Amino acid sequence: MSIDVKENKIIFKRTFKAPINDVFDAYTNPSLFEQWFHPQGAKTKVYRFNTEEGGEAFFAIETSGVAK
C-alpha cells in the first residue's frame, strides 16, 4: 500500500492480486473492509456502511503512530 498526503487529503493506493469479484466483496462487505482498509499497524472500524446507490459509509482508521 502506498499513502500520499496532499493538503487535507490522504490517498491510499493498493494493488490486489485477486479475482475482481473478491476485490468487489472486499470493498462492499463491512467485515471484509475492516480487515484490509488501513495501513500496516492500524485498524479500521466501520460504523455505517450502506453500499447501495445513494448510501453512505462512516468508518475510522485508528493508529498509534504516524504512517510514513
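The values are calculated or read from the model by the stated rules, or taken from the named source; none is laboratory data. From a predicted model like this one, the values you see are computed outputs, not experimental measurements. Don't worry about glycine lacking a Cβ; one is built from the backbone with ideal geometry, like all the others, and counts go over all protein chains shown. Accessible surface is based on the protein model in full, side chains and every heavy atom, while ligands, DNA and RNA are left aside. Shrake-Rupley method; radii C 1.70, N 1.55, O 1.52, S 1.80 Å.
Things to note:
- Over the chain, relative contact order from alpha-carbon pairs under 8 Å, at least 6 apart, %: 19 percent
- Couplings 3J(HN,Hα) of segment 13-25, computed from phi: 10, 9, 9, 10, 9, 7, x, 4, 5, 5, 5, 4, 4 Hz, in residue order, whole Hz [Karplus 6.51 cos²θ - 1.76 cosθ + 1.60, θ = phi - 60°; x for Gly and Pro].
- Computed lengthening from Lys45 to Ala26, 0.36 nm per intervening residue step minus Cα-Cα distance: 5.4 nm
- With an a/c value of 1.5 or above and a/b larger than b/c for the gyration tensor axes a ≥ b ≥ c computed over the alpha-carbon atoms, segment 28-68 is described as prolate.
- The residue list Ser2, Pro30, Ala57 was ranked by how far each Cα lies along the charge dipole of the chain toward its positive end, using unit charges on Cβ atoms, and Ser2 comes out on top.
- Accessible surface of the chain, 1.4 Å probe, proportion on carbon and sulfur as whole %: 51 percent
- Placing a pseudo-label 7 Å from each Cα along the Cα-to-Cβ vector at Glu53 and Lys6 gives an inter-label distance of 3.0 nm.
- Total charge dipole magnitude, the chain, about the Cα centre, Cβ charges on Lys, Arg, Asp, Glu only, Debye to nearest 20: 380 debye
- Estimated from helical segments only, the mean residue ellipticity of the chain at 222 nm is -6500 deg cm²/dmol, where each DSSP H run of four or more residues counts as -39500 (n - 2.57).
- Peptides 35-41, 16-22 ranked from most to least packed give 35-41, 16-22, packing being the mean of other C-beta atoms within 10 angstrom over each peptide's residues.
- For the chain, the per residue solvent-accessible surface stands at 85 Å², with DNA, RNA and ligands left out and a 1.4 Å probe.
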